[in-house]
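Data block below; observations after.
The values are calculated or read from the model by the stated rules, or taken from the named source; none is laboratory data. Bear in mind that the values here come from a model prediction, so they are computed numbers and not experimental data. Methodologically, a virtual Cβ is constructed for each residue, glycine included, from the backbone with ideal geometry; neighbour enumeration extends over all protein chains shown.
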Amino acid sequence: MVRLICNNCKTQVSIEDHELPVELLSAEERQMGPERMYSATVDQECPSCQNHLAVEFNFWEYPELALNYSEYSEEGCVVIEEPDYLAYLQPKDLDYEE
């Protein structure tokens, strides 16, 4: 779950992880497999005062299924809880034949 506090009125805003749109921005083959960069963006108004709340979360997966690094930038709010990045890392191109 993502939790934000509005800088203007101090209202807490919560966003469920499954409601956060995540986009794969890049994938590059490296020694231990692919390194993938993901981005998720919050862009909405505070429900109490209509202050603009914007956060961009970026995170990297390397090696596969391992969270390597994360960072975010915020505007109009303070992030008090980041998303569960590991929930977005899913096995890719699985071959179920043995």
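Looking only at the range 15-55, which residues are of a type in the set (Gly, Ala, Ser), in contact (Cβ under 8 Å) with a residue 24 or more places away in the chain and either out of contact with any Phe, Trp or Tyr (no Cβ under 9 Å at 6 or more places or on another chain) or within 20 Å of SER73 (Cβ to Cβ) (or both)?
ALA40, SER48
Scan the range 52-66 residue by residue and report those that are of a type outside the set (Gly, Ala, Ser) and at pLDDT 95 or above.
HIS52, LEU53, VAL55, GLU56, PHE57, ASN58, PHE59, TRP60, GLU61, TYR62
Yes/no per residue for (1) at pLDDT below 95; (2) surrounded by fewer than 16 Cβ atoms within 10 Å (Cβ to Cβ):
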site: GLY33; (1), (2): yes, yes
site: CYS46; (1), (2): no, no
site: GLN50; (1), (2): no, yes
site: GLU75; (1), (2): no, yes
site: PRO91; (1), (2): yes, yes
